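> Quick one: the structure is below, questions incoming.
The values are calculated or read from the model by the stated rules, or taken from the named source; none is laboratory data. Keep in mind it's a predicted model, so treat the numbers as computed, not measured. Positions of Cβ are backbone-derived with ideal geometry, glycine not excepted, and every protein chain shown enters the neighbour counts. Heads up: the accessible areas ignore ligands, DNA and RNA and are worked out on the full protein's heavy atoms, side chains in. Shrake-Rupley method; radii C 1.70, N 1.55, O 1.52, S 1.80 Å.
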Amino acid sequence: MLIDLDVVPRSRPRVRRDPGPPLKAVMVAALLLIMGGATSPAPADGVIKVAETDGLDVSERLLTPSALYTVRLRAEGADVEAIPLAAGGPRWSATVAAVEPTLELSADGSTIAVVPPEEGEAAFVDARTGRVRWRPPENAIVRVLGDRVAVWTWIDGQETGRLRMADVATGRTLWQRLTGATALVGDKRLVVAIDEFGTSSVFASADGRVLNPGRSLDLADFGDGYGGRLVLGNTLYWWTSTFLAAHRLPDLKPLWRTPVALPIWIAGCGALICATGNGGVTAADPATGKVRWTSRAWRSITSDIGVTGDGRAQRLDLATGRVVEDLGRGGPAGDLLLRFDGDRSWAARLGDGHVIGELPLVSPASCATAGQYLACPTGGNMLTVWRIRR
């Protein structure tokens with residue numbers, strides 16, 4: 001999915017006197033006609049609040065079909081908490097040494113990876129109990145790949161390091177190789193280790209077979225906040241603030257390089273590859289790099305929904321970039337369309353626009369969905385979770 005730079009200003013909802021079911025239904029229908037694309041009013045119980053973070057500041061969150069996992073920063077390290085969304089769901093709190101960590105869920109949902117971006121020690125935590133199952137060495141480079149995790153560590157006294165593939169739940173080493181690395185990218189099929197000089201080596205994720213012993217590529221990070229690397233299919237994409245480049249896997253043969261303005265994230269959009277960021281969207285042919293269309297209007301594209309800089313959601317023909325339907329003010333969150341108006345929002349099905357229920361004012365770009373649940377910030381860094389009856 002793409003990073004959405006559109007941010008809806010938050011405001012404190014005003015207290016409204018409920019006009020009663022009949023009049024409220026008419027008001028809902030009228031509002032939806034104004035917003036465009038929606039039809040029937042929402043059922044009263046279509047959106048049900050099930051959890052919130054009690055006003056505590058949350059720096060990171062992970063929503064699953066059974067729990068909301070959050071991170072609260074400490075002077076040193078962080079607290080990770082599990083909040084159940086239904087009876088029998090996990091409830092626990094654990095303290096980790098990772099500084100400003102992100103949360104990732106293993107492919108089978110049993111393990112949470114708590115990974116610092118730079119400083120501290122990563123931890124792999126049992127999603128049900130909060131027990132720390134294992135920890136890689138401090139300051140290791142960690143990349144979760146489904147039910148496995150690639151871990152690179154420096155070897156003292158040598159000009160290289162060790163890359164090992166471990167079981168994500170136990171930390172058991174499955175294979176290891178000597179290689180340099182300052183970044184790891186990959187998927188369930190292969191992992192690419194990129195060193196500080198741009199030399200890249202490719203290994204099979206399953207057994208560590210060397211697929212490419214090392215090819216010198218100009219994969220330097222310009223240090224301006226726009227650099228990134230991503231494996232999609234059989235291609236390694238690399239971008240800076242000025243261009244997007246593609247390299248074939250596993251031999252890393254350069255395929256093409258295309259000028260792109262200020263990209264933040266790269267993702268497939270239909271049959272094309274889209275670079276999205278502060279310069280808008282550039283859609284290119286993944287085989288040749290030829291630009292098919294560009295637009296400065298949109299700041300994100302999710303599935304076939306683009307969101308403009310002023311917060312309008314539009315359904316697109318991804319092959320041409322043409323707008324086929326204006327969906328009003330709002331944006332997508334999973335399979336939902338969250339429309340907003342004044343100090344409130346409306347949750348609708350993305351496919352047919354059927355309105356499900358009312359929410360406080362939320363920013364769709366900051367929301368997440370999992371199973372039947374929707375989680376959004378609802379004031380500062382406080383989070384609220386609702387069960388959505390689609």
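> Filter the stretch 369-384 for residues that are more than 15 Å from Ser345 (Cβ to Cβ) and out of contact with any Lys or Arg (no Cβ under 7 Å at 6 or more places or on another chain) and give the result.
Listed by number, the residues that qualify are Ala370, Gly371, Gly380, Asn381, Met382.
> Considering only residues that are open to solvent by 20 Å² or more (accessible area, probe 1.4 Å), closer than 24 Å to Val324 by Cβ and in contact with a Leu (Cβ under 8 Å, 6 or more places away or on another chain), which ones fall in the stretch 342-362?
Hits for the stretch 342-362 are Arg349, Leu350.
> So, in the stretch 296-320, of the ones that are of a type in the set (Gly, Ala, Ser) and within 25 Å of His247 (Cα to Cα), which residue ends up most open to solvent (accessible area, probe 1.4 Å)?
Looking at residues that are of a type in the set (Gly, Ala, Ser) and within 25 Å of His247 (Cα to Cα), I get Ser303.
> Taking the stretch 230-251, which residues are buried (at least 16 other Cβ atoms within 10 Å of the Cβ), part of a loop (DSSP other than H, G, I, E, B) and free of Cβ contacts under 8 Å to residues at least 60 places away in the same chain?
The answer is Thr240, Ser241, Leu249.
> Working only within the stretch 72-95, note down all residues that are surrounded by 22 or more Cβ atoms within 10 Å (Cβ to Cβ), farther than 20 Å from Gly371 by Cα and touching a residue at least 40 places away in the same chain (Cβ under 8 Å).
Selection gives Val80 alone.
> Kindly indicate the residue of the stretch 96-129 that is over 22 Å from the mean Cα position of the chain (by Cα) and modelled with pLDDT of 95 or more and also least open to solvent (accessible area, probe 1.4 Å) among those meeting that condition.
The extreme case among them is Thr129.
> On to the next question. Residues in the stretch 177-207 that are open to solvent by 30 Å² or more (accessible area, probe 1.4 Å) and over 25 Å from Gly109 (Cα atoms): how many?
Final tally of qualifying residues: 7.
> Got a number for residues in the stretch 258-284 being farther than 17 Å from Gly227 by Cβ, among the hydrophobic types (A, V, I, L, M, F, W, C), assigned to a strand (DSSP E or B) and open to solvent by 10 Å² or more (accessible area, probe 1.4 Å)?
1
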